[in-house]
Structure formats: structure tokens, C-alpha cells
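What follows draws every value from the coordinates through simple rules; no lab data is involved. Because the structure is a prediction, the values reported are computed rather than measured. Every residue, glycine among them, receives a Cβ derived from its backbone with ideal geometry; neighbour counts consider all protein chains shown.
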Amino acid sequence: MRYLVAAVLIAGLGTTASTALGAKHRMPEARERRWSDSDVHQLLRLEDDWAAGLVKRDGALFRRLLAKGFIYTENDHTIGRDALLRERMRGSDRATAAHNERMRVRPFGSTAIVTGWLVVRGQGAGGPFDRRYRFTDTWVRRDGEWQIVAAHDYLAPHGAR
């Protein structure tokens with residue numbers, strides 16, 4: 001069950017985005033990267049793509065977006081890329097809908113942090129579920145492509161906003 005969250009934390013059907021941008025965000029790195037609205041929109045679109053892939057169980061999409069060395073943490077549990085991919089493709093829990101709320105993108109050179117709320121509905125071994133997670137995703141741009149390198153989910157108590 002908890003691995004379902006990893007896949008959907010990066011999700012976003014029906015994205016409501018508010019972004020924190022700095023066109024000239026200063027970073028202590030040799031090659032500073034300028035950010036544009038299109039960078040932010042691309043990351044939010046990737047979050048949307050992930051949500052659609054979660055419902056479809058699109059293994060090719062997950063393998064493309066998850067960086068080698070990816071690490072996922074949910075509350076006190078941590079797994080790597082391969083375990084998450086196995087769970088996404090063969091796990092008993094099935095997402096029927098997922099969307100993000102109040103996402104924000106924070107640029108840091110060639111890295112970006114995306115935060116927000118993830119709402120997931122689905123069916124599992126224990127019956128139907130409807131959950132809300134606070135998430136933090138870390139994306140890195142490598143060779144012109146965005147990949148997620150780390151993700152964290154917190155299962156919020158019922159009614160949390």
C-alpha cells in the first residue's frame with residue numbers, strides 16, 4: 001500500500017499550481033541556470049504525466065522519470081527505484097484517480113523542489129481507499145531531461161488540509 005503513494009506523490013490530475021519563481025535565482029554553482037515559466041510548466045506537466053501513468057500502470061514512463069539511485073520515503077519507510085518500480089507494476093493496490101493540489105515549484109539551479117498535496121483514490125486488498133498526502137519531490141535536470149531523484153510522502157490524518 002505505501003508504495004502506491006510513491007507513484008502518485010509525483011502525480012497531478014487536475015493540477016492547481018502556484019509557483020515560486022525567481023528568473024535570476026542565484027546559486028553558488030559554476031554554471032548558473034536561468035528559470036522561465038516554461039521550466040515550471042514542464043515540471044508540473046511531468047507531475048501530471050506521472051498521475052496518468054499511475055492509473056495506467058505505465059512502466060515505461062516510470063522508468064524514464066525515476067533517476068538511477070532514486071530514493072523514496074514515506075513516513076518512516078524508505079525504498080529505492082527498483083522496489084518502487086516492482087510495486088508500481090505488480091502491487092495489489094490500484095489507483096483509480098489521483099490529483100495534486102496547491103503545488104509549488106522552487107528552483108535551485110538545475111534542481112527543483114516540488115511540494116503540494118496529493119489526493120489518491122483507489123482499490124486495495126483492504127477495500128476502497130481515499131487518502132491525502134503532503135509531498136516533496138526533488139527533480140534534477142540531466143542532459144536536458146528532468147528526472148526525479150528523491151521523493152517523500154506523509155500520510156495526513158483524515159481532514160488535514
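What residues have an amide H closer than 5 Å to that of ALA156, excluding those fewer than 5 places away on the same chain, when H is modeled at 1.01 Å from N in the peptide plane?
Amide H neighbours of ALA156: ARG132, TYR133, ARG134.
Show me, for segment 116-130, the HN-Hα J-couplings you get by feeding each phi into the Karplus relation (A = 6.51, B = -1.76, C = 1.60, θ = phi - 60°), rounded to Hz, glycine and proline as x.
With coefficients 6.51, -1.76 and 1.60, one gets x, 10, 10, 10, 10, 10, x, 10, x, 4, x, x, x, 9, 9 Hz.
In terms of the Cα gyration tensor, with a ≥ b ≥ c the square roots of its eigenvalues, is segment 72-161 rounded because a/c is under 1.5, prolate because a/b exceeds b/c, or oblate? Write down the numbers at each step before the final one.
Details: a/c = 2.13, a/b = 1.41, b/c = 1.51.
In terms of gyration-tensor shape, oblate.
If you count the DSSP beta bridges with both ends in segment 65-161, what percent of them are antiparallel, to the nearest 5?
90
Which whole-number percent is the relative contact order of segment 23-161 (Cα, under 8 Å, 6+ apart)?
Values: 238 pairs, mean separation 30.8, N = 139.
So the answer I get is 22 percent.
Hey, got the dipole for segment 41-117? About the Cα centre, +1 on K and R Cβ, -1 on D and E Cβ, debye to the nearest 20? Walk me through the numbers on the way to the answer.
On the way: 14 positive and 10 negative charges, 54 e Å.
Magnitude of the dipole: close to 260 debye.
Please identify which residues in segment 32-75 have an amide N closer than 20 Å to a label point set 7 Å out from the Cα of TYR154, following the Cα→Cβ vector.
In segment 32-75, the label zone of TYR154 (backbone N under 20 Å from the point 7 Å along Cα→Cβ) covers 71-75.
What distance in nm lies between label points placed 7 Å from Cα along the C-beta direction at THR136 and ARG121?
3.0
Any idea how far apart THR78 and ALA97 come out in nm if each label point goes 7 Å out from Cα toward Cβ?
The answer from the label model is 3.5 nm.
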